[in-house]
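In what follows, a single structure is set out as structure tokens and then discussed.
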Number of protein chains: 2
Amino acid sequence: MKVYEFKGFPNPARIRVALAEKGLFNETEFVHIDVPGGDHLKSEFLAKNPSGNVPVLELDDGTLISECSAITEYIDQIDGEPDLTGRTAQERAVIAMMQRKVEAGFLDAVAAFFHHATPGLGPNVEQYQNEDWGRNQLEKAVKTLHWMEEVLQNQDYIAGNSFSVADITALAGFFFAGFVDLDIPENCPNVAAYAERLKARPSVAQAA
Amino acid sequence: MKVYEFKGFPNPARIRVALAEKGLFNETEFVHIDVPGGDHLKSEFLAKNPSGNVPVLELDDGTLISECSAITEYIDQIDGEPDLTGRTAQERAVIAMMQRKVEAGFLDAVAAFFHHATPGLGPNVEQYQNEDWGRNQLEKAVKTLHWMEEVLQNQDYIAGNSFSVADITALAGFFFAGFVDLDIPENCPNVAAYAERLKARPSVAQAA
């Protein structure tokens, strides 16, 4: 397997951590795409992912998988342990739901703030910016952290008492939040402890 | 099972069609939520889905599943035929990828145009509007239709030659596009034929 990515960016980190959790990190080749230089917008990369973003997983038969939730689903299915996406229909649904809520409400919202309400990756890469939208999405991210605080009052991880892909998405959100100086609100101690718990996982050190 | 929804809205339609495809439509109770009246923003509904949107699936044990992709995943897993989310890891990844691309690039983009660049559901329901963002998302939707045109040159459905949840998401996008008078571009004949093929499915008539 090959992963086209930019090391250190939040979405590629999701794939690195998922691979490390599953013991597949050393079997994967990582291919550097110069995103700040705009290589993700060139035709060679757009042929791999018409959405023009990293990461992209390329299977040995040439099949290309983009969209992080699809890539982590694949990584989880090809090897058994530990389970990251759930085993029963109900577990799978709860994890998929929480993954999507954390993705839309936190990680993607922080990303929208970065790309729209800050210089982002610079004028050569940011083709459209809408500052008001970016600020609105920052509010959404903070609101999501407060919702996560409530969820984490009753459980250790965002989709229950086991680590899952929903936590990997949250971890990427915490990385991105740190990058844009968004602090975890002081009245969210469960979120703060959870973020530290995630960052301390061995997979995060291996993925770094 | 119960589904909290607003009949005729695009995202609830995804669940209705998935249930009909799986032969589960008549076993499901549908509970009307008055979204134009703002009932989805009241505490009673927010306790079921803190994201404040329909549909929400309630299982017989009280478990609440929101986010359409999680609900359709559940519906597909509880009954065998026809398969809507893929059987092998690779099939599952391709369908998940295409579902997410159609959701983000078409259905959600048309929804953003409706909620931001038109009166949407009116001033009592639309709490934040950003017209420029809405217009940007309309451009994204049109761009996605052109990408779909290329994909459909080589296959009958958006994730391959079998109907899948990715097509259910596209179907909801076509419904929403019709509602906001977004026509399929004339140079996208494959998309136009595909939309008609989807709308002609028996599940669509049952779900209506």
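Some values worked out for this structure:
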| read-out | value |
| --- | --- |
| Positions within the stretch A:49-82 being free of Cβ contacts under 8 Å to residues at least 12 places away in the same chain and touching a helix residue (DSSP H, G or I) at 6+ places or on another chain (Cβ under 7 Å), in sequence order | A:P50, A:T63, A:I65, A:A70, A:Q77 |
| Where A:E27 falls short, out of the listed (1) outside the structural domain of A:E126 (by TED's automatic domain parsing); (2) more than 22 Å from A:S203 (Cβ to Cβ) | (2) |
| Qualifying positions in the stretch B:169-182 - buried (at least 23 other Cβ atoms within 10 Å of the Cβ) and free of Cβ contacts under 8 Å to residues at least 60 places away in the same chain | B:F174 |
| Any hit, the stretch A:141-161, residues being within 28 Å of A:L19 (Cα to Cα), within 17 Å of the chain's Cα centre (by Cα) and surrounded by fewer than 21 Cβ atoms within 10 Å (Cβ to Cβ) | yes |
| Test result for B:D132, among the charged types (D, E, K, R), within 18 Å of the chain's Cα centre (by Cα) and at negative phi | no |
| Of all residues in the stretch B:92-103 being more than 8 Å from chain A (Cβ to nearest Cβ) and under 13 Å from B:W147 (Cβ atoms), the one that is most open to solvent (accessible area, probe 1.4 Å) | B:M98 |
| Yes/no for A:A20 being open to solvent by less than 20 Å² (accessible area, probe 1.4 Å) and either touching a Pro at 6+ places or on another chain (Cβ under 9 Å) or modelled with pLDDT under 95 (or both) | yes |
| Subset of the stretch B:62-91 (residues that are more than 9 Å from chain A (Cβ to nearest Cβ), open to solvent by 40 Å² or more (accessible area, probe 1.4 Å) and either part of a helix (DSSP H, G or I) or polar (S, T, N, Q) (or both)) | B:E91 |
| Scan of the stretch B:114-133 for residues that are out of contact with any Asp or Glu (no Cβ under 9 Å at 6 or more places or on another chain) and buried (at least 21 other Cβ atoms within 10 Å of the Cβ), ordered by number | B:F114 |
| Failed item in (1) outside any helix (DSSP H, G or I); (2) in contact with a Pro (Cβ under 7 Å, 6 or more places away or on another chain), with A:F176 passing the rest | (1) |
| Matching entry among B:A193, B:A166 (being open to solvent by less than 20 Å² (accessible area, probe 1.4 Å) and assigned to a helix (DSSP H, G or I)) | B:A166 |
| Tabulated pairs, the stretch A:11-35, first without any contact (Cβ under 8 Å) to a residue 40 or more places away in the chain, second open to solvent by 10 Å² or more (accessible area, probe 1.4 Å) and aliphatic (A, V, I, L, M), C-beta under 6 angstrom, 6+ apart or interchain | A:T28/A:M1; A:I33/A:V54 |
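The values are calculated or read from the model by the stated rules, or taken from the named source; none is laboratory data. From a predicted model like this one, the values you see are computed outputs, not experimental measurements. Reconstructed Cβ throughout: ideal geometry from the backbone, glycine too, with neighbour counts over all protein chains shown. Heads up: the accessible areas ignore ligands, DNA and RNA and are worked out on the full protein's heavy atoms, side chains in. Shrake-Rupley method; radii C 1.70, N 1.55, O 1.52, S 1.80 Å.
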